[in-house]
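Enquirer: Quick one: the structure is below, and I'll ask about it shortly.
The values are calculated or read from the model by the stated rules, or taken from the named source; none is laboratory data. Fair warning: this is a prediction, and the values are worked out from it, not measured in the lab. Note: ideal-geometry Cβ built from the backbone for every residue, glycine included; neighbour counts use all protein chains shown. With ligands, DNA and RNA removed, areas are computed over all heavy atoms of the protein, side chains included. Shrake-Rupley method; radii C 1.70, N 1.55, O 1.52, S 1.80 Å.
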Amino acid sequence: MSTATATASPPRALEPRHAGWAGIALGLVAWFIALPPALVRSPVPPVIIGVLAIGAGAWAIGGGERKLGWGAIVAGVVGAGGAVASTKSGVGNLKDVVTWSALVAATLRYATPLIFGALGGIVSERSGIVNVGLEGMMLMGAFFGIYGADAFDSWFLGLIVAMIAGGALALVHAFFCIQLRADQVVSGIALNFIALGLTGYVFLDHYGDQGTPDNISRVPDVSLPGIKDIGFVGDAIGKASLLTWIALIGVVALSVFLFRTAQGLRLRSVGEHPRAAETVGISVTRTRYLAVVASGVLAALGGAYLSIGFVGSFNQNMTAGRGFIALAAVIFGNWRPGGALAAALLFGFSSALAQRLPAFSSSGAVLFQALPYVLTLIAVAGIIGRSRPPAAAGQPYVKE
């Protein structure tokens with residue numbers, strides 16, 4: 001009687017890439033268990049999990065996955081350190097700051113203008129025009145959005161006026177960069193100053209010291225039937241501004257446009273190799289003009305959200321650097337809408353957290369407000385040399 005023997009293959013060792021992701025996840029878990037609702041009050045479990053995360057990161061680095069490995073090490077150190085600090089904080093303060101449903105809702109609110117700005121930046125830079133003027137275009141949208149809503153007593157017409165203003169400023173940028181072949185970074189910075197001066201002057205001239213009225217028509221919130229009553233989910237996303245949903249839909253729409261349509265392929269070809277695009281009949285000049293103007297329109301929607309969607313008023317320099325954070329989201333997201341959305345949500349979460357952290361220290365409230373900008377610097381510094389912009393971005397095109 002013969003017996004067949006099966007030779008079992010030895011189990012595969014943990015791959016460095018998987019070890020890196022596992023380390024990052026462990027770092028997040030280390031901090032999460034010290035926060036509501038888990039509220040582990042002993043620092044020992046989070047520290048152990050943090051050490052495991054660091055070990056997984058070291059394993060990944062040893063296997064050649066340096067980026068993920070160092071990410072896991074940083075996650076382990078930050079997670080364990082944050083958890084230890086959380087265990088030393090009062091439970092009441094932790095519950096005031098870390099209410100996850102409220103944090104998710106606030107993250108969406110703070111991320112919305114960044115999403116619009118980042119989408120605008122992607123459209124422009126995919127065509128080969130660097131748009132450092134996103135800040136100015138958002139500021140134009142913020143002021144002229146509320147100006148139009150006040151003049152026409154309609155938030156919808158206010159959005160139209162905002163888009164026209166942002167598109168007009170973008171058209172100036174396009175003219176200097178495409179027609180006159182000016183330095184694109186210098187042109188964008190100059191437009192930021194022009195927008196700051198123009199909106200400040202018209203604001204003071206029209207509204208004076210009284211500021212904008214309190215009864216201006218505002219973009220409505222949208223409630224999702226059947227979801228708003230479901231506990232955590234309802235509190236987090238059951239009710240949000242119409243512009244927030246438009247921004248999220250815009251991410252999907254732009255992804256489909258860029259990577260699933262012939263028009264998107266033409267736009268990307270102009271940003272990668274304009275001369276080759278011209279030889280097959282694509283007008284580089286026309287494509288870039290349309291892309292830059294669309295960029296300004298999208299950025300203006302982000303600014304209009306701030307004035308007639310979020311705050312309900314306008315003050316000078318209202319965007320406060322959000323255009324530059326949106327530009328960082330473009331780079332962080334590797335010039336892809338999905339990646340830019342993830343970056344905008346990350347920066348939005350940091351802003352939402354910064355608004356709640358003063359519960360721990362009222363004297364440090366001003367310092368906490370710098371958290372989104374510090375995170376922006378860290379994120380961009382961490383990906384320099386690892387992301388690849390469109391090949392022709394920033395290069396003027398001369399038709400032969």
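Enquirer: Could you pull the accessible area for H206 with a 1.4 Å probe, rounded to 10 Å²?
Expert: 100 Å²
Enquirer: Also, quick follow-up: Compute the helix-to-body angle for 337-356: its Cα long axis versus the longest principal axis of the chain, expressed 0 to 90° and rounded to tens.
Expert: 80 degrees
Enquirer: Then there is this: Give me the 1.4 Å probe accessible area per residue for the chain, excluding ligands and nucleic acids, in Å².
Expert: 48 Å²
Enquirer: Carbon and sulfur: what percent of segment 108-200's accessible surface (1.4 Å probe)?
Expert: 74 percent
Enquirer: Provide the solvent-accessible area of T279, counting protein heavy atoms only and rolling a 1.4 Å probe, rounded to the nearest 10 Å².
Expert: Using a 1.4 Å probe on the heavy atoms, I get roughly 110 Å².
Enquirer: Once the Cα gyration tensor of segment 37-129 is diagonalised, what are the square roots of 5 times its eigenvalues, in whole Å and ordered largest first, as equivalent ellipsoid semi-axes?
Expert: Equivalent-ellipsoid dimensions as semi-axes: 32, 26, 7 Å.
Enquirer: Using helices alone, I'd like the mean residue ellipticity at 222 nm for the chain: each DSSP H run of four-plus residues gives -39500 (n - 2.57), total over residue count, nearest 500.
Expert: -22000 deg cm²/dmol
Enquirer: Any idea of E65's accessible area? Nearest 10 Å², probe 1.4 Å.
Expert: Spelled out: E65, probe radius 1.4 Å, area about 60 Å².
Enquirer: Once you have a ≥ b ≥ c as the square roots of the Cα gyration tensor eigenvalues for the chain, tell me rounded if a/c is under 1.5, and otherwise prolate or oblate according to whether a/b is larger than b/c.
Expert: Oblate, because a/c is 1.5 or more while a/b does not exceed b/c.
Enquirer: Would you mind calculating the relative contact order of the chain from Cα pairs under 8 angstrom and at least 6 residues apart, reporting the percent as a whole number?
Expert: Relative contact order of the chain: 24 percent.
Enquirer: Considering the chain as a Gaussian network with a 10 Å cut-off on Cα pairs, which listed residue, R181, R66, R336, attains the greatest mean-square fluctuation?
Expert: Of the options given, R66 has the highest mean-square fluctuation.
Enquirer: Next up: By the gyration tensor of its Cα atoms, with a ≥ b ≥ c the square roots of the eigenvalues, what is the shape of segment 189-278: rounded for a/c under 1.5, prolate for a/b over b/c, or oblate?
Expert: It is oblate, given that a/c is not under 1.5 and a/b is not larger than b/c.
Enquirer: Taking all protein chains as present, what is the carbon and sulfur share of the accessible area of segment 215-315, in % to the nearest whole number, probe 1.4 Å?
Expert: Answer for segment 215-315: carbon and sulfur cover 64 percent of the accessible area.
Enquirer: If you don't mind, there's one more thing I want to ask. Near F259, within a Cβ-to-Cβ distance under 9 Å, what is the net charge of the other residues, with Lys and Arg +1 and Asp and Glu -1?
Expert: Charge balance in the 9 Å sphere: +3.
Enquirer: Once you compute Rg and the Kirkwood Rh from C-alpha atoms, what is the Rg to Rh ratio for segment 224-332?
Expert: Answer for segment 224-332: 1.09.
Enquirer: In addition: Just to confirm the number: angle between the C-alpha axis of helix 155-174 and the first principal axis of the chain, 0 to 90 degrees, nearest 10?
Expert: 90 degrees
Enquirer: Moving to a separate point now. Ordering T87, T261 by how much accessible area each has at a 1.4 Å probe, largest first, what is the list?
Expert: The most accessible residue leads, giving T261, T87.
Enquirer: Please list K239, K88 from largest to smallest accessible area, probe radius 1.4 Å, with all protein chains kept in place.
Expert: K88, K239
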